[in-house]
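The values are calculated or read from the model by the stated rules, or taken from the named source; none is laboratory data. What you see is a predicted model; the values in this text were computed from it and never measured. Neighbour counts run over all protein chains shown; Cβ positions are idealised from the backbone, glycine included. These accessible areas exclude ligands, DNA and RNA; they are computed on the full protein's heavy atoms, side chains included. Shrake-Rupley method; radii C 1.70, N 1.55, O 1.52, S 1.80 Å.
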Amino acid sequence: MKKWLTLILSLFLCAAMNPLSAQKMLGTYAGAYYGNGSNVGGQGHVDVNWNCCSYQGDTTGLNLNYLIDAITESNSNTYFYRFSGNSASHWVEFEDFLVEMARRDIDIYAYLPPNTYLQPYGSQTAAWASQLANIAPYHPNLKGMAIDDFDKAAHEHPDQYGPAGLTTIRNNLNGLRLLVTAYYKPPHGMAAVGYNDTLLLDANVLNSYKLSHSNRYIFDGVIFPVIIDTDGKWTAHRDDRLSNFSQQIQNIRANLHASTPIYTMPYATGYGYTANGQPAALNTSLHYLNSLTDLALNLTDGVVMYHLQTHYMEAWGNLGGAPQNYLVAEKRELIKNLYREKATVTLSKDQTVSNLSAYYDQTRDFKIELPANVANLNIDTANGTGNVDLYVRRGAAPTTTWDYSSTGADNREAVSIADPAAGTWYITLKSSAPFDGVTLVADWDTILSSPVQPVTNNSQLGIAGITNSRNNFSLQIPAGATNLRVTTSGGSGNADLHLKYGALATPSNYDFRSGSSNNWDLVELPNPTAGTWYIMVYGMQQYGNTYLTVSWNEPAGGGSSTLSNGQVVTNLSRGTNEKLYFQVNVPAGATNLRFHTYGGSGDADLFIAHGRIPTQGSWDHRGFNGNNYEVVDVPNPNSGTYHIMVNGYNAFQDLNLTVTWD
């Protein structure tokens with residue numbers, strides 16, 4: 001009865017697995033998380049004396065809960081469970097372990113050392129294959145078997161691991177996958193370890209392992225270990241430099257059938273051989289681990305991370321006289337973050353992802369590449385059972401910090417961002433309680449944003465736009481100007497008015513706003529800050545036949561707004577594109593009106609208009625030498641007010657201005 005309940009539970013759990021889990025292998029192996037530093041396994045589980053190595057046993061035991069939690073924390077999607085030792089406890093625990101891993105959507109491979117006596121099924125790998133096949137129907141996340149050091153085993157035990165023996169193992173697995181661990185070793189240096197590893201580089205040997213009815217092999221894939229020593233040098237019998245990794249893969253693929261997967265095994269905390277062939281602890285750097293993992297996920301079909309620090313590996317390390325506790329916490333954090341990043345799924349606009357599930361404290365991670373000119377980013381979850389929480393962050397995955405969240409009591413969560421910045425947005429679904437059958441969708445509105453159009457005092461422009469459109473304008477407010485007034489009016493639809501000083505306004509980033517339910521909006525500033533102001537008219541709905549009107553009271557310039565005949569204004573200075581404004585009242589009958597700037601340094605341009613404020617686009621007279629010397633002559637001026645604008649083509653200082661007439 002127990003096995004039928006286990007079958008039903010496992011089938012249900014695997015049916016509920018994340019449909020996006022068809023990705024590259026992100027695996028961890030064996031000693032990575034066995035034991036918790038205690039001699040007591042705890043939680044009612046039987047301790048295991050691994051006694052795996054001919055040098056020294058490890059009596060820390062197997063704490064199944066610790067192992068499960070640590071694998072989950074690593075963000076692995078695959079785990080290689082090593083059977084070893086003279087106790088059957090690891091087999092007794094295995095089916096419970098498979099069920100717990102199915103809850104977490106983690107695939108499992110049984111990892112066996114070759115020709116080693118293991119409880120309870122002995123040293124014949126074919127017998128273990130049969131037992132795995134027997135329990136596989138109850139555990140769909142049991143994917144297969146991996147054989148350690150296969151190339152060495154094939155040399156030493158051809159009866160078990162030659163083509164005929166391996167065929168028996170494959171047949172006994174009854175459809176489960178069969179992976180073999182094989183090394184890349186150039187021809188020199190083989191005597192140091194007592195055998196030649198030629199499987200991956202020898203087409204003849206590989207061909208001997210081909211199935212009789214196809215070009216495929218008896219094995220279904222290769223685990224390829226990569227080893228580096230402590231000081232950045234490479235052991236004589238392996239060529240494992242990062243710079244040569246791609247060449248190694250190329251050489252392997254030159255002989256291996258193209259359909260055969262390769263899974264790279266980086267050494268988080270590794271071991272190798274000293275000159276006399278004895279085990280010695282070899283550590284790897286964070287840079288190496290990060291770089292090799294990234295390369296491996298680009299060039300091969302996945303990663304199987306070799307041991308991190310445990311008491312088990314300390315026993316190995318002490319034999320060689322070198323400790324194994326090098327950056328262990330940092331490496332675990334690195335691997336966790338690397339795997340999380342690689343498992344993150346990129347979503348497109350309005351894509352719905354269905355049937356998402358996760359167990360306690362697990363996450364499902366996604367990201368979207370948000371283009372510019374986007375509004376109303378909406379991220380929603382719904383459906384299913386349990387309790388999912390939603391976290392959103394721009395530029396990095398949510399951890400203990402995030403930008404937006406929704407953490408209700410069920411699976412209906414929503415985050416809405418009215419004016420999101422362009423870039424990468426990360427979405428994390430975290431299980432407050434185990435959830436299943438959840439859907440996720442992210443959508444946004446694409447907006448039409450116009451180039452910035454300069455406007456001047458007393459301007460009125462016709463404007464129109466669609467929903468979510470942005471019409472952008474800029475204006476230069478001189479020092480001392482007062483009563484800035486910006487209005488929209490007329491037409492149909494609904495446009496809202498936004499003003500911001502010094503930067504483009506957006507629907508969520510502005511200094512002043514008017515948002516009526518129609519097109520009649522007004523922003524008034526009695527004493528606006530001098531400088532550049534930006535106006536953004538936002539289409540709440542499609543609108544048209546609308547007018548934008550901008551006006552302000554011009555300032556007094558140079559100490560007086562009105563100049564008299566023959567008056568000289570001195571020491572005038574402004575920056576590039578900054579302006580000074582003056583006016584002069586010319587009587588009837590006056591002749592030979594002259595406007596004149598001179599002196600100082602820089603390049604000021606002179607603009608004159610009768611009866612209105614001149615702009616760079618609207619003037620009656622102007623002077624534009626390449627310096628501060630400007631002269632504008634009006635031989636027969638009209639009577640009335642002439643307005644003067646001095647504009648800094650380039651920054652100027654110590655300028656003089658005078659106006660004369662006869």
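For the stretch 374-412, filtering for residues that are in a strand (DSSP E or B), more than 14 Å from Trp425 (Cα to Cα) and in contact with a Ser or Thr (Cβ under 6 Å, 6 or more places away or on another chain) leaves 4. Within the stretch 332-359, restricting attention to residues that are acidic (Asp, Glu) and under 22 Å from Leu370 (Cβ atoms), the residue that is modelled with the lowest pLDDT is Glu341. Scanning the stretch 57-89 for residues that are at pLDDT 75 or above and in a helix (DSSP H, G or I) yields Ile68, Asp69, Ala70, Ile71, Thr72, Glu73.
Mind listing just one residue for me: the one in the stretch 600-618 that is assigned to a loop (DSSP other than H, G, I, E, B) and either over 21 Å from Ala479 (Cβ atoms) or β-branched (Val, Ile, Thr) (or both) and, of those, modelled with the lowest pLDDT? The residue in question is Gly617. Taken over the stretch 97-126, residues that are in contact with an Asp or Glu (Cβ under 7 Å, 6 or more places away or on another chain) and outside any loop (DSSP other than H, G, I, E, B) amount to 2. Looking only at residues that are in contact with a Ser or Thr (Cβ under 7 Å, 6 or more places away or on another chain) and of a type outside the set (Gly, Ala, Ser) in the stretch 583-594, which one is nearest to Ile613 (Cα to Cα)? This residue is Gln583.
Considering the stretch 515-524 alone, what residues qualify as being open to solvent by less than 20 Å² (accessible area, probe 1.4 Å) and assigned to a strand (DSSP E or B)?
Filtering the stretch 515-524 for residues open to solvent by less than 20 Å² (accessible area, probe 1.4 Å) gives 519, 521, 523.
Across the stretch 515-524, the qualifying residues are Asp521, Val523.
Of everything listed in (1) farther than 18 Å from Gln653 by Cα; (2) surrounded by 14 or more Cβ atoms within 10 Å (Cβ to Cβ), the single unmet condition for Asn627 is (1).
Listed by first and then second residue, the pairs with beta-carbon distance under 6 Å, at least 6 apart or on different chains, first residue in the stretch 634-662 and more than 22 Å from Gln476 (Cβ to Cβ) and of a type in the set (Val, Ile, Thr), second open to solvent by less than 60 Å² (accessible area, probe 1.4 Å) and in a strand (DSSP E or B), are Val634/Leu593; Thr658/His596; Val659/Leu563; Val659/Val584; Val659/Phe595. The set of residues in the stretch 485-513 that are without any contact (Cβ under 8 Å) to a residue 40 or more places away in the chain, assigned to a strand (DSSP E or B) and open to solvent by less than 50 Å² (accessible area, probe 1.4 Å) comprises Leu499, Lys500. Residues that are in contact with a helix residue (DSSP H, G or I) (Cβ under 8 Å, 6 or more places away or on another chain), of a type outside the set (S, T, N, Q), surrounded by fewer than 18 Cβ atoms within 10 Å (Cβ to Cβ) and farther than 28 Å from Phe435 by Cα: does the stretch 101-118 have at least one? No, the stretch 101-118 has no match at all.
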